[in-house]
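To start, the structure under review is shown below, and the notes come after it.
The values are calculated or read from the model by the stated rules, or taken from the named source; none is laboratory data. Given the structure is predicted, the values throughout are model-derived calculations rather than measurements. Note that each Cβ is placed from the backbone with ideal geometry, even for glycine, and that neighbours are counted across all protein chains shown.
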Amino acid sequence: MKKLLIVLLLIVSASLFSQESVQVDLSNPNATIYTHIYFLMPDSYDPEKSAKTIHGVSDSEAISIAIKIKEIFDGKGKLVDFDKIPKDPSYLDTIFTVQNNLMQHLNRFVPFPNDLPEIYVEKIDNSWYYSKETLDVIDEIYATTFPWEFTWLQKQFPEFFQKVMYGFLIWKPIGLLFLAILCVLLFYLLNPITFFVLKQFQKLIYKNSFNELFDLLHELARPIVFILIIKVIEKVLPSFQLLTFNTFLFLGLRISETIFWVFVFYKLAKLLLSVYKDYTKKTHSKLDDQLAPILSKITTTMIIIIGFLHILTLFGVNPTAVIAGASIGGIAIAFAAQDSVKNLIGTIVIFLDKPFHIGDWIEMGSVVGTVESVGLRSTRVRAADTSIYQIPNGKITELEINNMGLRLYRRYSTTLGIRYDTPPVLIEAFVKGIRELIKEHPETRSEAYNVEFTGFGDSSLNILVNMYFKKLDWGSEQSSKHRLHIAIVKLAAALNVEFAFPSSTLMIEQFPEKGNIYMKYDTDKNSINESIKAILDDFKRT
């Protein structure tokens, strides 16, 4: 029995000694905040000592303010990390003020600069206290942290709900259960309302509706509703005073909110791109269609990166350090992937300058073919032999591009060589016949052509044929040429005009039993006109 009493006395004395070992200390920021928090903990509760950290008010008001500051920290889930609080009695904050026309740093420390910048300690005389600004705004911060409706409702609970079980007030788990049920009801209530509002807003901006747009609005409404529900939870949760649990709950809520915001911006970008795709269907250019998937990749990557950087700040990473790290990392990546960056810039230049469109026939350096697609890194060109060229977009911006797809007409020029012994009247008839064929051709410009006897070649009399086809694609041009060439060959045969080819002729004036080498031509005008008319009639029929 005596041994048991001795053990109990030792425990009590040790407890008393441990309590007495911690004294009120206001010598530096760390000591002041530790004094405030320590003497409001359940095992060392002494609000009078905690109130010593409050300066310039009555004792009762100081106690009230000290308790409110602690409850705000607990309600918002702010866990004080004393290892990060300076112990220097002359600590200077990085923030400065202007006094007497001089920029001076302040003797102050803000425990939570991002969420609670108004609550901080400052040096007054030789001691550190909570600042005057903190005392002025504490009631306002407390009111926004703990809704008066919930506080009033909490006071109306029967005495049974105020009992403690397993270290918790009974009303807290019951309240959390009702909060979960409320969140489920809010989801089913707000989801159709949010979709209706988005639908009306969409009608104001873009009146056209299509199935994909309808589905995307549904998908956009859900994360917005979840964000609203999280805001409700964040508003109510501090009133539960779950102390350390609030720290992890608020961290989880903020991470979830960030993820839902990423989904919102992702769905919003997808929605805008679907509207853009619907618009491009009405435009003639196919290059606009290629821009949509590229924009989708860029925006998705940027949204994910920004969301990831924001989540890092939730884990206590300095936002400035995150931005600086992202900038340095971006520069490093840019140096390591200069070609990729160059190609990306080339892609932007192509879409801004639009030197060609999808389906255009282009000549670009040694590559000749049809543009099939423009990607984020390269452009795909299919040559006439159906082979594929992948040309980096960065290189395209440096090449000279001949876009034959932008021609108004396809020009065709050739030279016909006929024999030297062709009579002038047949030359005129042949030229006239070709002109008529061009006029009657349905796929040529009848007002713009040249068919002229232009000179004397080594083995032929040269007739220039210069004209324009209306259809721009390569296949149609070849078909039009074929039809014209057949008609010209028939015309030459009808007029007995022969095409020349490189040859040498040996002239012997006197040779036994040999006649004249010159051909016999029919130069009768009526016969010539009838031949031309017959060929034109046949051309029109075919």
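Restricting attention to region 485-532, the residues that are under 27 Å from residue 443 (Cα atoms) and either at pLDDT below 80 or among the aliphatic types (A, V, I, L, M) (or both) add up to 15.
I'd like to check something: does region 383-402 contain any residue that is over 59 Å from the mean Cα position of the chain (by Cα) and of a type in the set (A, V, I, L, M, F, W, C)? No, region 383-402 has no match at all. One residue stands out among those in region 103-125 that are in a loop (DSSP other than H, G, I, E, B) and of a type in the set (A, V, I, L, M): the one that is nearest to the chain's Cα centre (by Cα), which is 116. Residues of region 110-118 include at least one that is aliphatic (A, V, I, L, M), in the same structural domain as residue 67 (by TED's automatic domain parsing) and at pLDDT 65 or above. If you go through region 128-143 and keep only what is in contact with a helix residue (DSSP H, G or I) (Cβ under 8 Å, 6 or more places away or on another chain) and either among the acidic types (Asp, Glu) or under 13 Å from residue 33 (Cβ atoms) (or both), you end up with 128, 129, 130, 134, 139. Within region 222-259, the only residue that satisfies the criterion of being under 20 Å from residue 312 (Cβ atoms), at pLDDT 90 or above, surrounded by fewer than 19 Cβ atoms within 10 Å (Cβ to Cβ) and not β-branched (Val, Ile, Thr) is 256. Taken over region 359-415, the criterion of being under 25 Å from residue 449 (Cβ atoms) and in contact with a Phe, Trp or Tyr (Cβ under 7 Å, 6 or more places away or on another chain) is satisfied by 361, 403, 404, 405, 409, 410, 411, 412.
Scanning region 126-143 for residues that are among the hydroxyl-bearing types (Ser, Thr, Tyr) and either more than 25 Å from residue 89 (Cα to Cα) or assigned to a strand (DSSP E or B) (or both) turns up 127, 129, 130, 142.
The set of residues in region 404-433 being assigned to a helix (DSSP H, G or I) and more than 30 Å from residue 474 (Cα to Cα) consists of 424, 425, 426, 427, 428, 429. Among the residues making up region 381-412, those that are without any contact (Cβ under 8 Å) to a residue 24 or more places away in the chain and closer than 27 Å to residue 469 by Cβ are 381, 382, 383, 385, 386, 387, 389, 408. Residue-level analysis places residue 452 outside the set of residues that are part of a helix (DSSP H, G or I), in contact (Cβ under 8 Å) with a residue 12 or more places away in the chain and either surrounded by fewer than 17 Cβ atoms within 10 Å (Cβ to Cβ) or not hydroxyl-bearing (Ser, Thr, Tyr) (or both). Which residues, taken from region 463-482, are assigned to a strand (DSSP E or B), among the polar types (S, T, N, Q) and crowded, with 17+ Cβ neighbours inside 10 Å? Those that are assigned to a strand (DSSP E or B), among the polar types (S, T, N, Q) and crowded, with 17+ Cβ neighbours inside 10 Å: none in region 463-482.
If you check residue 78 against the conditions, is it of a type outside the set (A, V, I, L, M, F, W, C), over 57 Å from the mean Cα position of the chain (by Cα) and at pLDDT below 90? Against the criterion (of a type outside the set (A, V, I, L, M, F, W, C), over 57 Å from the mean Cα position of the chain (by Cα) and at pLDDT below 90), residue 78 does not qualify. Among the residues examined, residue 408 does not qualify as surrounded by 15 or more Cβ atoms within 10 Å (Cβ to Cβ) and hydrophobic (A, V, I, L, M, F, W, C).
Taken together, the residues in region 455-493 that are in contact (Cβ under 8 Å) with a residue 40 or more places away in the chain and closer than 14 Å to residue 422 by Cα amount to 7.
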